[in-house]
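*Asks:* Input: one structure, supplied below.
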Amino acid sequence: MAPLLEMRGISKRFPGVIALDQVSLAVGRGEVLALCGENGAGKSTLMKILGGVYQPEEGELFVDGKPVKISGVTDSMALGIAFIHQELNNLDNLDIAANIFLGREPRNRLGLIDRRKIHADAEPLLRRLGLDMPSTTPLGELSLARQQLVEVAKALSLDAKVIIMDEPTSSLTLAETERLLEVIAELKGQGVSIIYISHRLAEVTHCADRVEVLRDGKNAGGLAKNEIDHDSIVAKMVGREINYARSSPPAAEAKGHLEVRSARSGRFPAQCLSFDAGRGEILGFAGLVGAGRSEIMKAMVGLDPDGSAEVSLGGERLKIRHSRDAISHGIFLVPEDRRKEGLITDMSVRENITLPDLRSYASQGLLSRTRETRAAQEQIGKLAIKTPGPEAMVRNLSGGNQQKVAIGKWLAMSPKVLILDEPTRGIDIGAKAEIYALMRALAADGAVVIVVSSDMEELLHISHRIAVMHEGRITGFLDHSACTEQNVMQLAVGRSVSAAIPPLS
């Protein structure tokens, strides 16, 4: 029987980069095919060709054994192919239902949008995904995780034959991820094919019927169902051993270097919290989505106009009313949403890396391109950023390499406190190890590193201590020996844990 979908000999080039080189891929009806590979391996590019976003220079596509040409997104949708992108494509000012049916709105007899039908059709999709909110809710009021589930609902509304999921769980909680994996199993049972792209290999081993691996834009081999395990996938992806050694406790005399008192965010104005972090410490922040972790970090660096925090560093009380105040004291935030808040994607790698500190690259009021290029090249080398060079546009880099640029611009300024919000969301296993090593190196040099993450495994491996939040407050701190998944989850739902250190008053 012919595959439901087949791609043969696909090649795609960008300026200075061969993104895909004679790549082939096939997926059967009702099959879950996991597509794995490091960032820059070509996964997203291959799927964007299938989704009609890019056009290949070479290659053929077949659906139900018949050759097809996909010249645009509408062609892809007409063939029953739905694409859930890693970077969300939605409009914050519209409600949930309007986003689900955007561009496909049903009309009434007068030719006007039938809003009653839109909401009637959207409600069962939301229930199917466990989203307990009305479809009239403005999308801008939703967390990033719930916005991701709306993208899944949009794909389900297309009644697609093939659904491409590019890092669909990167911002989801454990419960939301489990529900999505259940939905995938249901769709598979209904004959829908899934192409699943994820760097969370535990998910891949759980749901995939087959794995195809790309490396440097080429096919690196596949794994059948009985061959799929973590080490086999990694071996084909990177061809080297990945070290996930857990961080050792920092020196005891380093405690209390950073002090945050009476911190509150605009989202939880009635709640305030306090915490300390030591020189050379990696302090993790855990909690369910919506617990207020990102908001408190923004308040700490002056990015929440309705928030506030009393911050001291090395015994000195700081006045932080604006982000520039935090930057002047060496306190930097790498935000969760890199594309909207961490980067200017229409600028080059060089421009993004040097933008926060242009005065350091100027002489008599004129920017020195030579100094900027030297600084950019240093971060490209330090972070192993895959780019044709410092003048490459950030928008043309893979998601993981964009994240490295977002981190690199602050590393160039020698941070005293570096806050990383979901630092490895959408990043491959090899790049994760590199970023973990970078965090440890920063801490070893005496910096305070704060990591906000929804990836439990990540927090347990990288953190010296974990602060757990629930509904805008810290429910407890876990020291190195007490950092377990069970203890974190108990505190995350507001329950007490005997091993936890009480919150600071």
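*Asks:* Report the Rg/Rh value for segment 107-209, based on alpha-carbon coordinates and the Kirkwood definition of Rh.
*Replies:* Rounded to two decimals, Rg/Rh equals 1.01.
*Asks:* Okay, next question. Please work out how many pairs of lysine residues in segment 1-124 are eight or more positions apart (or on different chains) and have Cα atoms closer than 29 angstrom.
*Replies:* Counting lysine pairs in segment 1-124 gives 8.
*Asks:* May I pose another question? Grab the other residues whose beta carbon is less than 11 angstrom from that of Val27, score K and R as +1, D and E as -1, and report the net.
*Replies:* -1
*Asks:* With the Cα gyration tensor of segment 5-238 giving a ≥ b ≥ c as the square roots of its eigenvalues, does the rule (a/c under 1.5 for rounded; else a/b larger than b/c for prolate; else oblate) give rounded, prolate or oblate? All intermediate terms of the calculation are to be shown ahead of the outcome.
*Replies:* Details: a/c = 1.90, a/b = 1.45, b/c = 1.32.
Prolate, since a/c reaches 1.5 and a/b exceeds b/c.
*Asks:* Lys and Arg at +1, Asp and Glu at -1: add these up for the other residues within a Cβ distance under 15 Å of Gly494 and post the number.
*Replies:* Numbers: positive: Arg293, Arg473, Arg495; negative: Glu471.
Its environment carries a net charge of +2.
*Asks:* Shifting gears a bit: Using only alpha carbon positions, build the gyration tensor of segment 12-113, then give the equivalent ellipsoid semi-axes as the square roots of 5 times its eigenvalues, largest first, whole angstrom. List each step's numbers first, then the result.
*Replies:* Values: eigenvalues 174, 62, 40 Å².
The equivalent ellipsoid of segment 12-113 has semi-axes of 29, 18, 14 Å.
*Asks:* Sort Arg374, Arg267, Arg104 by Cβ crowding within 10 Å, fewest neighbours at the top.
*Replies:* Arg104, Arg374, Arg267
*Asks:* Tell me, what are the semi-axes, in whole angstrom and largest first, of the equivalent ellipsoid of segment 400-448 as set by the roots of 5 times the Cα gyration tensor eigenvalues?
*Replies:* 18, 12, 9
*Asks:* For a Förster distance of 30 Å, can you work out the FRET efficiency between the beta-carbons of Gln486 and Glu186, rounded to the nearest 0.05? Please report the intermediate quantities before stating the final value.
*Replies:* Numbers: r = 29 Å, r/R0 = 0.97.
For R0 = 30 Å, the calculated efficiency reads 0.55.
*Asks:* Measuring from centroid to centroid over Cα atoms, what is the spacing of segment 57-76 and segment 147-184 in Å?
*Replies:* Segment 57-76 and segment 147-184 have Cα centres separated by 24 Å.
*Asks:* Return the calculated 222 nm mean residue ellipticity for the chain, to the nearest 500 deg cm²/dmol, obtained by summing -39500 (n - 2.57) across DSSP H runs with n ≥ 4 and dividing by the residue count.
*Replies:* -9000 deg cm²/dmol
*Asks:* If packing is taken as the average count of other Cβ atoms within 10 Å, what order do 205-213, 133-141 fall into, highest mean first?
*Replies:* The peptides rank, most packed first, as 205-213, 133-141.
*Asks:* Taking Rh as the Kirkwood radius, which is the inverse of the mean 1/r over Cα pairs, what is the Rg/Rh value for the chain? Intermediate results must be reported in sequence, preceding the final value.
*Replies:* On the way: Rg = 23.4 Å, Rh = 24.1 Å.
Rounded to two decimals, Rg/Rh equals 0.97.
*Asks:* Then there's this: In debye, nearest 20, what is the charge dipole magnitude of segment 292-426 about its Cα centre with +1 on Lys and Arg Cβ and -1 on Asp and Glu Cβ, if you could check?
*Replies:* Its charge dipole is roughly 400 debye.
*Asks:* Peptides 24-35, 41-52: what's the order by average Cβ count within 10 Å, highest mean first?
*Replies:* 41-52, 24-35
*Asks:* Aspartates and glutamates near Lys218 by alpha-carbon distance under 19 Å, same-chain residues fewer than 8 away left out - which ones?
*Replies:* Excluding near neighbours in sequence, the set is Glu6, Asp21, Glu38, Glu57, Glu58, Glu60, Asp166, Asp428.
*Asks:* What is the Cα coordinate range of segment 335-401 on the first, second and third principal axes, sorted by size from largest, in whole angstrom?
*Replies:* Principal extents (largest minus smallest coordinate, Cα): 36, 23, 18 Å.
*Asks:* If the only charges are +1 at each Lys and Arg Cβ and -1 at each Asp and Glu Cβ, what is the size of the charge dipole of the chain around the Cα centre, to the nearest 20 debye? Provide the component values of the computation, followed by the final result.
*Replies:* Working: 60 positive and 64 negative charges, 169 e Å.
The dipole magnitude comes to about 820 debye.
*Asks:* In the chain, if the dipole is taken from +1 on Lys/Arg beta carbons and -1 on Asp/Glu beta carbons about the Cα centre, which of Val68, Ala362, Ser157 is farthest to the positive end?
*Replies:* Result: Ala362, furthest along the dipole toward the positive end.
*Asks:* Next question. Can you tell me the dipole magnitude for segment 5-238 around its Cα centre, using point charges on the Cβ only (Lys, Arg +1; Asp, Glu -1), in Debye to the nearest 20?
*Replies:* 620 debye
*Asks:* Roughly how many Å is it from the Cα centre of segment 456-472 to that of segment 19-51, as a whole number?
*Replies:* Value for the Cα centre distance between the two parts: 33 Å.
*Asks:* If one puts a single equal scatterer on every Cα of segment 57-106 and applies the Debye formula without solvent, what log₁₀ I(q)/I(0) results at q = 0.15, 0.22 Å⁻¹?
*Replies:* Values returned for q = 0.15, 0.22 Å⁻¹ are -0.57, -0.93.
Values quoted throughout were computed directly from the atomic coordinates according to the rules given, and no laboratory measurement underlies them. Since this is a predicted model, take the numbers as computed values, not measurements. For neighbour counting, all protein chains shown are included, and Cβ atoms are generated from backbone atoms with ideal geometry for every residue, glycine included.
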